[in-house]
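Just below is one structure, and these are the notes that go with it.
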Amino acid sequence: GRTKGAGGVEDVEASDTCLNSDRTQMELVGVQVLFRHGPRTPVFKFPDSESVNWNLCQGLGPKGYPIKVIDMQSGGGQPPLAYGALRGVQKSLKGGCYAGQLTDLGKNQAEALGLKLASRYSAIIQKISDNKDLLFVRSTNFPRTIETAQHVLGGMANPDWKHTIPVYTVHSDEELMVGTNTKACPRLLEVLNEGKRLYAQTAPDEVHRIRYELESKIGKKGVEVLRITKPGLWKGTDLIPTHDVLKCMMSHGMDLPSWANETLGKDTHRIAGRQIGFVLQGDGKDAAFRTRVARLGIGRFLGLINENMYARIQEIAEEKQGRPHPVPLLSLFSGHDTSITPVLAAYGLYDDHWPPFCSSFAWELHRDLSDSSGSSSGFYVRVLYNFLPVTLPTESGRQGREFIPYEEFREYTMGLTPQDFAQECACKKDISKPGHGTF
């Protein structure tokens, strides 16, 4: 059936069993969900910032579920924050927040996402109540993503959950959940720069008009603060920082600075969506470019998603022989727009619309109950963006089928996954300083 999820969005419910387009009865046997953090304060500087009161982090939202952050590599506590995350935490804003902080609204939206997940996957949530090892939670090592995971869990948890849930993370240098982590893959910076260079060469007149209009209001110095004219391959066309500032303010219903208005906010949001699209997939006409970016960026994460599915399939086969293993039924991955957008681009699904806060992408593994072979041929994958099914560019997907045979999905994913990451990431030339590129 269809239900109204959190926020009034209409979703398709996912019970233990459902029918695919061929009327075959399917059983949902595993889910993995990647989501973006909730609304936050800006991470970029902007003119007249000292006049803005960021009193959005008063702790008035939900408290979230008890968690313990664990370093996946050492098994110890949370690893040190990367420079970008630490710089934000140390940058106090007027009103009490810091740069890049999850706000009270962000916590509320994260809890709403958790409620939505609990509604859609209620049968799996109930099984987790009986065995906490059936849940796995992973986050990038940023306070806003860790806190988002905590509040998603707060909305999702059953009342009888009493245990502290581990949230696993790694040092940002090693992060595979961010598709723009050039620190982990120096060659990726070269490839992303190709997209920037291509956009600068083809930027529409509208971009230059906005730049000159801003310059008339805040001067060349103000435009420099917004990083529109910073030295580099964008050549005076980069509106992503401006978009970030205005989107954060508009998401919280705040009054915009004197140099901005709602029209500018909408225009920069639209243009920035196109710009990040060029970075990740060029002009959209070169599938080889998009695949190359995926393999160097988000490809290892897509490979992990596939490995988890395969482990679940193997577990089900062994269960028939009486040898169960605790493979998680539900895995949650708390990331950034630079996690969601590269996934969409890798799958050819990115449509130049910047993913909203708390966007989600889910991979569902289903079993055909009429197939008793116990092999992977009886399993299917369905993917959903913001709870709506989408089709992948595989043979079944091109035929409009939501349920893709697992082996078909696996073969497609292999093409997006680096086989020798170190070798593929070797630089071809000297490059400027790499970074993590998270928003």
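The overall shape of the chain is prolate: from the C-alpha gyration tensor, with semi-axes ordered a ≥ b ≥ c, the ratio a/c is 1.5 or greater and a/b exceeds b/c.
Just list whichever of 94/183; 217/247; 91/235; 63/247 have alpha carbons separated by over 23 Å in the model shown.
Distance filter (> 23 Å) returns 94/183; 91/235; 63/247.
What translational diffusion coefficient, in µm²/s and rounded to a whole number, does the Stokes-Einstein relation yield for the range 356-403 at 25 °C and a viscosity of 0.890 mPa s, taking the hydrodynamic radius as the Kirkwood radius over Cα pairs? This corresponds to a translational diffusion coefficient of 205 µm²/s. Amide H to amide H distances under 5 Å link residue 82 with 172, where only residues 5 or more positions off or on other chains count and H is placed in the peptide plane. With a 1.4 Å probe and all protein chains left in place, how much of the accessible area of the range 359-424 comes from carbon and sulfur atoms, in whole percent? Its accessible area is 47 percent carbon and sulfur atoms. Here the Karplus curve 6.51 cos²θ - 1.76 cosθ + 1.60, taken at θ = phi - 60°, turns the phi angles of the range 95-100 into couplings of x, x, 7, 10, 5, x Hz, with x standing for Gly and Pro.
Could you tell me the convex hull volume per residue, in Å³, taken over the Cα atoms of the range 279-360?
Spread over its residues, the Cα hull of the range 279-360 gives 104 Å³ apiece.
Within the assembled protein chains, the solvent-accessible surface assigned to residue 258 is about 110 Å², based on a 1.4 Å probe. Most tightly packed first, judged by the mean number of other beta-carbon atoms within 10 Å of their residues, the peptides 161-173, 66-78, 138-150, 353-365 read 138-150, 353-365, 161-173, 66-78.
Computed with a 1.4 Å probe over protein heavy atoms only, the accessible surface of the range 260-404 comes to 37 Å² per residue.
Pairs of Cα atoms nearer than 8 Å and 6+ residues apart set the relative contact order; for the chain it is 24 percent.
Against the chain, whose longest principal axis is taken from its Cα atoms, helix 299-319 shows a tilt of about 10°. Apply the a/c threshold of 1.5 to the C-alpha gyration tensor of the range 126-238 and tell me whether it is rounded, prolate or oblate. Prolate is the answer for the range 126-238, as a/c is 1.5 or above and a/b outweighs b/c. Remark: relative contact order (the range 323-426) = 18 percent; criterion is Cα-Cα distance under 8 angstrom and separation of 6 or more residues. Relative to the longest principal axis of the Cα atoms of the chain, the long axis of helix 337-346 makes an angle of roughly 70 degrees. Seen against the Cα atoms of the chain and their longest principal axis, helix 104-120 is set at about 20 degrees. Put simply, the amide H of residue 165, placed in the peptide plane, has neighbours under 5 Å in 67, 68, leaving out anything fewer than 5 places away on its chain.
Residues in the range 239-246 carry Karplus couplings, in order, of 9, 5, x, 4, 4, 4, 4, 5 Hz; the curve used is 6.51 cos²θ - 1.76 cosθ + 1.60 with θ = phi - 60°, and Gly or Pro positions show x.
The values are calculated or read from the model by the stated rules, or taken from the named source; none is laboratory data. No experiment lies behind these values; they were computed from the predicted model shown. No Cβ is skipped: glycine too gets one built from the backbone with ideal geometry, and neighbour counts run over all protein chains shown. Accessible surface areas use protein heavy atoms only, side chains included; no ligands, DNA or RNA. Shrake-Rupley method; radii C 1.70, N 1.55, O 1.52, S 1.80 Å.
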